[in-house]
1. Please turn the phi angles of the range A:20-36 into ³J(HN,Hα) values with the Karplus equation 6.51 cos²θ - 1.76 cosθ + 1.60 (θ = phi - 60°), one per residue in order, whole Hz, x for glycine and proline.
2. Express in % the proportion of alpha carbon pairs of the range B:60-216 at distances exceeding 20 Å.
3. First check a/c for the range A:31-72, with a ≥ b ≥ c the square roots of the eigenvalues of its C-alpha gyration tensor; if it is under 1.5, answer rounded, and if not, answer prolate when a/b is larger than b/c or oblate otherwise.
4. Which of B:PHE232, B:PHE149 comes first, and how do the rest follow, when ranked by fewest Cβ neighbours within 10 Å?
5. Highest first, please rank the peptides B:130-140, B:307-317 by the mean number of other Cβ atoms sitting within 10 Å of their residues.
6. Would you please give the residues with an amide H less than 5 Å from that of B:GLU188, counting only those at least 5 places away or on a separate chain, with H modeled from the backbone geometry?
7. Report the label-to-label distance for A:ASN61 and A:GLU16 in nanometres (one decimal), using points 7 Å from each Cα along the Cα→Cβ vector.
8. Using helices alone, I'd like the mean residue ellipticity at 222 nm for chain B: each DSSP H run of four-plus residues gives -39500 (n - 2.57), total over residue count, nearest 500.
Amino acid sequence: MTIKLGIVSFAHLHAEAYIHNVRAIPGVEFIGFCDDDAQRGQHFAGQFDARLLPGYEALLNEQPDGVIICSENNKHRPLTEQAAQAGIHVLSEKPLATTLPDARAMIDACNATGVILMTAFPMRFSAPLLEVKASLDAGTLGRVFSFNTTNQGQMPIAHRDWFVDKKLAGGGAMMDHTVHLADILRWFLQTEVAEVYAVNNHIMHKDTVEVETGGMVMLTFPDGTFASIDCSWSKPLNYPTWGGLTMELISERGLTVVDAFSQNLTVYQQSSHSHRWAYWGSDANHAMIEEFAAAIREDRPPVVTGEDGYRAVEIAMAAYRSAETGQPVKLPLK
Amino acid sequence: MKIGIAGTGFMGETHAAGWAATPAAIAGFVGSTPDHARPLADRYHTQVYPDFAAMLAEVDVVDICTPTHLHHPQVLQAAAAGKHIVCEKPLARTLPDAREMIAACEAAGVKLLVAHVVRFFPEYAGAKATVAGGEIGQPAVIRLTRGTFRPKKPVDNWFTDFDKSGGMMLDLMIHDFDYARWIAGEVESVFAKNISSAEPDAPIDYGLAILKHRRGAISHVEGSWAYPPPLFRTRLEIAGSDGWLNHDSDKNAAVGMHLRQPPGEAPDVPIPGSPLAESPYTTQLKAFYNALTSDADVPVTAADGLAALQIALAAIESAQTGKPVDLKALPEVSA
């Protein structure tokens with residue numbers, strides 16, 4: 001059974017990667033995309049030689065099996081609700097929403113009509129992280145005590161200016177870069193976060209953006225396991241790549257060091273006086289979209305759900321509350 | 001200038017090698033027992049003093065390389081004898097002890113230099129100079145890691161006795177608390193989590209601390225006695241308003257030896273290091289020698305040692321209470 005997928009908006013730059021994935025996955029058909037920014041739509045229709053539909057309703061009228069929502073974060077909710085009403089499965093970019101009531105409404109809307117709501121957490125499909133997860137589950141590492149993690153990036157205004165708009169994005173670095181690792185840590189430990197402490201600042205890119213650019217989050221789990229997340233947009237704009245995701249895991253047996261984006265060639269070109277990193281690791285986005293299609297085909301929940309997206313947003317919200325009050329915040333949020 | 005070294009363990013031995021590279025004369029050693037001090041005294045063709053008081057009578061400067069809990073009585077004794085003092089970090093086990101030590105040295109008119117040796121490691125000194133030169137702008141997010149295995153001692157392992165050493169967070173993380181403050185200025189609050197071997201079911205010592213600096217920077221400090229021997233890793237990353245720098249002992253290792261070795265051949269006390277013409281411990285003691293023999297400012301003041309202690313004790317308190325600790329709430333810091 002061929003799974004027909006459409007892309008909703010190229011506001012999020014990940015759409016530029018997903019379109020290749022959708023086209024490359026056997027048994028999946030790319031039916032086209034829509035974009036509420038006409039100019040952006042025309043631009044990417046040309047760039048990817050892709051079918052541009054005149055609007056979201058037109059896309060839904062094509063009756064795809066699922067849509068991948070890559071709009072600004074604060075539009076995930078209305079777009080998801082509309083898809084759910086049309087009986088179309090949803091894969092939404094992260095963060096799932098910019099408020100917890102929005103995230104809950106998306107889950108409810110999809111439950112009401114029995115469609116899938118999957119959150120785009122590609123790191124669940126990262127080959128290095130899957131290897132660590134397998135070692136954890138096999139007990140190879142012994143009892144786990146702590147994680148020191150980073151999801152640092154470049155300040156993303158060069159990619160899309162709405163990323164630094166609090167209303168559209170839901171926040172700055174702390175909203176953008178806490179959710180991936182919050183999700184990975186919940187997945188690794190198979191338990192919810194009990195408490196969140198966080199600080200943030202606005203020293204880097206102070207004159208360019210209004211949102212926070214530096215942030216540090218500490219999660220504590222019910223059994224006392226703790227994990228820090230550096231969510232800062234602290235990679236310089238001339239760094240060889242957008243950023244990265246690292247983890248140091250302390251367990252009974254010792255230390256496990258993870259650099260999820262280290263699988264690069266270093267390439268120097270003399271004539272341009274430049275160098276770059278050429279990534280040769282596996283494509284986690286590809287595996288994530290395969291899972292979305294497989295869940296639709298097999299009529300089952302995906303391995304990453306809307307609930308997972310909700311929990312990650314809740315952790316980011318708690319981080320903001322903690323940074324504001326200076327005190328740890330207990331979960332679940334009331 | 002005659003130096004007397006108190007403490008003939010790993011740090012006394014390391015300092016002796018450093019002093020030997022300065023014009024100062026090593027007058028002798030005092031150890032936990034005379035027998036323990038003998039090999040080191042023989043190596044430097046000098047004497048073993050029967051006790052600390054006997055050594056004080058015969059030296060100009062005393063270098064205190066003893067376990068942390070002994071710093072307080074020995075500094076007071078040395079100050080009373082009018083001797084200048086080099087003291088290993090942490091300056092003291094408690095803040096009142098440290099304040100009393102500083103006051104006693106001020107009253108006696110003797111110098112008190114605290115051996116925060118990390119400031120003399122060229123990668124750390126170089127990063128400080130780079131930041132001070134303005135090359136990466138205002139520091140915003142600082143990440144510091146220092147990790148190794150739990151130190152051993154043939155007998156009386158004071159490192160693992162919390163009352164004597166303050167545990168890993170005081171003994172090891174204080175290096176990076178001092179460094180974070182040196183880079184980003186005074187600390188406003190500390191939040192920390194740890195696993196301590198003081199707990200019955202915890203086989204390791206490990207901690208993470210988040211510091212908020214008054215000028216707005218954030219520091220993340222990781223300390224570990226949780227690695228298998230002989231691993232020792234240090235990392236330093238500073239992101240600023242106009243750039244970024246890092247050091248990573250894994251990636252910047254100049255020599256890697258992966259040798260077949262009999263099991264269990266790890267040193268008792270780990271030491272970080274990269275091959276250098278001069279050991280950072282020697283660099284430190286040369287700077288201290290200059291400060292002790294001239295009017296030059298001391299490179300690390302007693303107030304620096306006190307401030308680092310204050311941060312470390314706040315981190316320990318935070319880890320124990322689960323609450324952030326506001327440094328403003330601590331007693332007034334003089335000196």
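No lab work stands behind these numbers, since they all come straight from the coordinates. Remember, it's a predicted structure, so these values are computed and weren't measured experimentally. In this analysis, Cβ positions are derived from the backbone assuming ideal geometry, glycine residues included, and neighbour counts consider all displayed protein chains.
1. Coupling constants for the range A:20-36: 5, 4, 4, 6, 8, 7, x, x, 10, 10, 8, 9, x, 9, 10, 7, 6 Hz.
2. Details: 7096 of 12246 pairs.
Pairs farther apart than 20 Å: 58 percent.
3. On the way: a/c = 1.73, a/b = 1.48, b/c = 1.17.
Prolate shape, in that a/c is at least 1.5 and a/b is the bigger ratio.
4. Values: B:PHE232 17, B:PHE149 22.
By the 10 Å Cβ count, ascending, the order reads B:PHE232, B:PHE149.
5. On the way: B:130-140: 16.5, B:307-317: 25.3.
Per-residue Cβ counts within 10 Å, averaged per peptide and sorted highest first, yield B:307-317, B:130-140.
6. Under 5 Å from the amide H of B:GLU188: B:LYS212, B:HIS213, B:ARG214.
7. Taking the two extended label points, one gets 3.1 nm.
8. Numbers: 11 runs with 116 residues, N = 335.
Only helices count here, giving -10500 deg cm²/dmol.
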